[in-house]
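Working notes, beginning with the structure itself.
Quick note: the coordinates plus some simple rules give every number you see, no bench work behind them. Every value quoted in this text rests on a predicted model; they were computed, and no experiment measured them. Cβ: placed from backbone, ideal geometry, glycine included. Neighbour counts: every protein chain shown.
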Amino acid sequence: MAKVVIDGVEYEVNPDNNLLQEALSKGLDLPYFCWHPCMGSVGACRQCAVKQYRDSEDTKGSIVMACMTPATDGTMISIDDEQAKDMRERVIESLMISHPHDCPVCEEGGECHLQDMTLMSGHNYRRYDKKKVTHRNQYLGPFINHEMNRCITCYRCVRFYDDYAGGTDLAAQASHHHTYFGRYEEGVLESEFSGNLVEVCPTGVFTDKAFSEHYSRKWDLQTAPSICAGCGTGCNITPGERYGTLRRVVNRYNAEVNGYFICDRGRFGFDYVNSAERIRSPEDIDITQELEKFRDGDAIGIGSPRASMESNFALREFVGESNFYSGLSDIDNEAIQLSLSLGQDSSFRSPSIKEIEAADAVIIIGEDVTNTSPRLALALRQSVRNHATELAKQAQIPAWQDAAVRELAQHERSPLILLTPYATRLDDVASDILVAPPSELVEAAGVIASAISENAPKTDGKRDSATQIADVLLNAKRPLVVAGASAGKIEYIQTAANIARALSEKRNETVDLCLTTPEVNSLGMAMLTNKENSLGIALNQIIQGDARNVIVLENDLYRRAPHSEVAKALEKAESLMVIDQLPTKTTEQASLLLPATAFSEHEATYVNYEGRAQVSFQVHQNKIGALPAWRWLSENPKESISSLSERLQQSSEAFKGIAELRPEISGTVSGMQVPRQSHRYSGRTAMRANVNVHEPKQPVDSESVLSFSMEGIPAAKDATILGAPWSPSWNSNQSITKFQEEVSGDLKQGNTGKALLNRDKSGSYLEIKADTSSSNEGLELALAHQIFGSGELSAKSAAIQKRMVDPYIGLSKEDADSLGLKQGDSVSLDGNGNIAAVVIRNKIKAGTAALYCGENEIDYHALGSSVVLTKAENTFNRGIENLIVSDLYEEGY
Amino acid sequence: MIKLIADTLLTQVRTLWLVFIKLFKKKDTVEYPDKQPYMFPRWRGRIILSRDPDGEERCVACNLCAVACPVDCIALQKGEMEDGRWYPEFFRINFSRCIMCGFCEEACPTNAIQLTPDFEMAEYKRQDMVWEKEDLLINGTGKYHDYNFYRVAGKQIKGKDKGEALNESAPIDVRSLMP
């Protein structure tokens, strides 16, 4: 700890930080643009000028940039100094010289960092009477709007997009007042994190295109803290609702999970909530009576990895534990159950995103993280920078000196070893890539495990680099092993666990083992299910007539098992109740179809990949009669979510603490609720006046600590939870610093979730069964995913659909040639009606076929581990033009 | 006693007299509604939405009037024309709540929303006091004749390219090496 004096007041600060960061941590207002907590300082904008004094004798002082000055012990600065204030005002005046008169027609207006800083600096009149510089805009795809005139050249966009997220297609062009931030030509921004530009840009150059189509100002959005349902990462988000429809999703800060960024699937994949196709409440039937049919005791329930803990638990209570079956495909179920047991193993640790960023040697086995858990890929990308930070430390350069650290490190990175069946978006930062068919990858991973520890299961084969990789992992400060269930191959997880165990054994400590989960509550549902109760057994029981009544909870079984088998089972079932949000092939066969609320319409608990239980609060009310699935299933109409989660907590030791995640109303100031609406929510007496001029009473939320109104204790004042951050003179999302204990620290509100998995079991090495099923005929299948399309619900969103592609099969040039296939041809898989487009990729080994199943158009579970391709008639729906892979084969290259 | 009676009588007679001579004075009462009073142009009465000098809708749906409104009686939704202009898909004022404070007019960056000297807004049914855009939008510029927001704003719309707004230079050619 160091002591610095700011305007005569002494503060205890961390000397590793810079003065700007520390001033903001202490709650002081100091304007800035180019600095960002995740991207450090470059001193580009000159906005955070303060006056520094040598000692208490020094009365003259000198102007320095707070973001470029370390907070060393004894530093004396003044923010309020007249000269410093004058300088800040002049700087912003020059930044604003060419800023257009656009605020009324700018999506950023009202949550604009530039507006805030202009006001804070005191500039209010454009004295410069020359002409403004203008720029042409570019088309940047269906997600982002470009309005280059508004740029103040802070360089934050390229520093995020290129330096932080590894994008290659956005760059600063030209120089001086011609500086332009855009692509080399118009086109879709390729990065999976492009949506963060909206939040990173301090002004309105990059704005949310999907949001603009049904735009609403920030103060008009009804918000609540929520959890993204796009994948198993459990990123914290803030959805906003206006006039009954969900308008946008923005990042919600959580120090341990997603920090400041989310991926584009999370940001743009919410629109299905507003879909006109949403299932509606059945009319002219007595639902209670219909439900009675299923209460006879022998109904079976099939759970869902995309439904909440509460809904799955309610179904388990409804049908009884022995009749509650997993809603995952058999292979996924096995994989997730294995992940779960590894999650309880005392040799391992499930790293949070913050911990992943701290890893200094990573090995990824088989998982295409960018497309299955995108936010984790962004964290993995940061982990390779730890070497740079280490070098900087040796050279005595503070870590926040971003440009200096990058200059010093150049291309020196921490090791990241990739074992993958096809090229991934992390290849550019990988130190060692092995591209091979899945079976070979498993073998290679086995060799690495044996190279680390002689106790690991012996594997045939030898690899030259294995000992080298073993050394890298053994000598790292914090190694990390990554695998996941999405790849559809349990052997990946098994070998990953073996490598981690070997490391743990040799290093004599717990090792980070990150096992991704494909859906928002995959792990939670697995915790509720008996290991043996797989979907295959359930379907078998139905087909054999042992189970007559079936309840399917928020699940499309056709995505989970061979289509023919599911069709047979569902036809055989006497009565089939399906509770879901959107129509699927499964709902078509339902005898009783009940509408379920979407993620933003109910309060729910989800368990993410690391076993962290987090509560997602209700944002808005559902107007089409949908109820949370647990409410349809509960016998007591007065059942509350808190009593349900109380029962869930008592049902098993594993769920200890899950009910305490919800803040209680008695804990808030004077027992007041926290408003979902901002204090300047507009139009309350007019928005419904066309229906009836007599305003209805605001809906009452008796279940949560939040209220559906503007009244209550706002987040700025000791609220227990934080939806949308706002603080006086900080209208943009940068106001988050006012809610953090320190910059990039925990929220004052807490609320980071609760780790459910107790690591008290000891485990042993896993035996990997030799793959006997694979025939030599055909190509070995490797499952591929797409960030836009693989998520079942996000794929129903309009913006996401604009980026989706048809099912494809990725082939090497050799295989394509030998089969006589060209880029974009259609092929039939195993000749049974599954048609996929051919994508020839450079970085794929002959003998491998990377299969992307699209929106379940491919009957994947009916395919074996290898596939025979035959040319088929071209049938295109979306085509493959939108496909973004780094290694697409192009004729003539 | 006599004085009291005299005083009482006399004052009554005086009152009668004064009333009588008023019969021959000019009347103060205005024969409203047959006779309309003079209203000052800046009187804060019925709210209208105006058009710019080119006849296009002035409102760009920025929501500032709605947020300035102390009784929250303005609700609107932003839409975007094919030519790039923002406009309100709907614009509703609940006049039964409006207090004619004029904050909306002050907040309006495009001079679209204006208060007019029309005060005759009584209705028999409260529901009839809810006015939609069709009721509010007039075919003129209202009090401010010259202002056209899009001639000043940098946003490109059809008919006004980049660099053609007030005080703007032609767009930069990024590929050019000229200073």
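General remarks:
- In order along segment B:162-167, phi translates into HN-Hα couplings of 4, x, 9, 6, 3, 6 Hz, rounded to whole numbers, per the Karplus curve 6.51 cos²θ - 1.76 cosθ + 1.60 with θ = phi - 60° and x for Gly and Pro.
- Fraction of antiparallel bridges per DSSP, chain A only, in percent to nearest 5: 50 percent
- The gain in end-to-end length when the A:SER643 to A:SER341 segment is fully stretched comes to 105.9 nm, 0.36 nm per residue minus the alpha carbon separation.
- Net length gained if the chain between A:GLU890 and A:ASN475 were fully extended (0.36 nm per residue, minus Cα distance): 145.3 nm
- Trypsin sites (Lys or Arg not before Pro) within segment A:615-683, DSSP loop, no more than 12 other Cβ atoms inside 10 Å: A:LYS623, A:LYS638
- Projecting the Cα atoms of A:PHE160, A:LEU582, A:ILE336 onto the charge dipole of the protein assembly as shown (Cβ charges, centred on the Cα centre) puts A:PHE160 farthest toward the positive pole.
- Using a cutoff of 8 angstrom between alpha carbon atoms and counting only pairs six or more residues apart, the relative contact order for segment A:779-872 works out to 41 percent.
- Cysteines having no other Cys beta carbon under 4.7 Å from their own, within chain B: B:CYS59, B:CYS62, B:CYS69, B:CYS73, B:CYS98, B:CYS101, B:CYS108
- Amide hydrogen neighbours beyond the local backbone of A:ARG878, cut-off 5 Å, H modeled: A:ASP806
- Lysine-lysine proximity count for segment A:348-499, Cα under 28 Å, sequence distance 8 or more or distinct chains: 8
- Extension gain for A:GLU12-A:SER729 works out to 255.6 nm (0.36 nm per residue, less the C-alpha to C-alpha distance).
- Selection from A:ILE63, A:SER94, A:TRP35 lying farthest towards where the dipole of segment A:2-95 points positive, charges on Cβ: A:SER94
- Dividing the mean sequence gap of close Cα pairs (under 8 Å, 6+ apart) by how many residues chain A holds gives a relative contact order of 14 percent.
- Considering only B:TYR38, B:ALA66, B:VAL13, and ranking their Cα positions along the charge dipole of segment B:3-135 that arises from unit charges at the beta-carbon of Lys, Arg, Asp and Glu, the one farthest toward the positive end is B:VAL13.
- Listed from fewest to most Cβ neighbours within 10 Å, the set A:ILE490, A:ILE364, A:ILE665 follows the order A:ILE665, A:ILE490, A:ILE364.
- The 3J(HN,Hα) values that the Karplus relation (6.51, -1.76, 1.60; θ = phi - 60°) gives for segment A:694-701 are, in residue order, 7, 5, x, 5, 4, x, 9, 9 Hz. Gly and Pro appear as x.
- Chain B: angle of helix B:2-22 to the longest principal axis, Cα-based, in degrees nearest 10: 40 degrees
- For segment A:204-238 versus segment B:145-173, the spacing of their alpha-carbon centroids is 31 Å.
- Net charge dipole size for segment A:2-95 [Lys, Arg +1 and Asp, Glu -1 on Cβ; Debye, nearest 20]: 320 debye
- Cα-based reach from A:LYS131 at 16 Å (exclusive), listing lysines while leaving out same-chain residues under 8 positions away: B:LYS155, B:LYS162
- Segment A:750-846: Cα Rg divided by the 2.2 N^0.38 Å rule of thumb: 1.59
- Residues with amide H under 5 Å from that of A:LEU781, placed H, sequence gap 5 or more: A:ALA849, A:SER866, A:VAL867
- Segment A:301-402, relative contact order [Cα under 8 Å, separation at least 6], %: 18 percent
- Taking the helices alone, chain A has a mean residue ellipticity at 222 nm of -6500 deg cm²/dmol, built from -39,500 (n - 2.57) per DSSP H run of at least 4 residues and averaged over all its residues.
- Taking a straight Cα-Cα cut-off under 17 Å and skipping sequence neighbours fewer than 8 places away in the same chain, the aspartates and glutamates within cross-link reach of B:LYS158 are A:ASP102, A:GLU147, B:ASP52, B:ASP54, B:GLU56, B:GLU57, B:GLU80, B:GLU82, B:ASP83, B:GLU168.
- Working note: Cα gyration tensor of the protein assembly as shown, eigenvalues times five, square-rooted, sorted largest first, giving semi-axes of 56, 38, 29 Å.
- Straight-distance candidates among the lysines for linking to A:LYS623, with alpha-carbon spacing under 21 Å and chain neighbours fewer than 8 residues away dropped: A:LYS638, A:LYS697, A:LYS796.
- Among A:ILE285, B:ILE74, A:ILE97, the order by Cβ neighbours within 10 angstrom, fewest to most, reads A:ILE285, A:ILE97, B:ILE74.
- Top of B:ARG126, B:ARG46, B:ARG85 by mean-square fluctuation, Gaussian network on chain B, Cα under 10 Å: B:ARG126
- Computed from Cα atoms, the angle from the helix A:82-95 axis to the main principal axis of chain A rounds to 60 degrees.
- Rounded to the nearest 20, the size of the Cβ-charge dipole of chain A about its Cα centre is 1900 debye, with Lys and Arg at +1 and Asp and Glu at -1.
- Computed from backbone phi, the HN-Hα couplings of segment A:548-560 come to 9, 9, 10, 10, 10, 9, 5, 8, 9, 5, 5, 7, 10 Hz, rounded to whole numbers (Karplus: 6.51 cos²θ - 1.76 cosθ + 1.60, θ = phi - 60°; Gly and Pro given as x).
- Considering helices alone, the calculated mean residue ellipticity of chain B at 222 nm is -6000 deg cm²/dmol, with DSSP H runs of length four and up weighted by -39500 (n - 2.57) and normalised per residue.
- Amide H contacts of A:ILE144 (H built 1.01 Å from N, under 5 Å, at least 5 apart or other chain): A:LYS209
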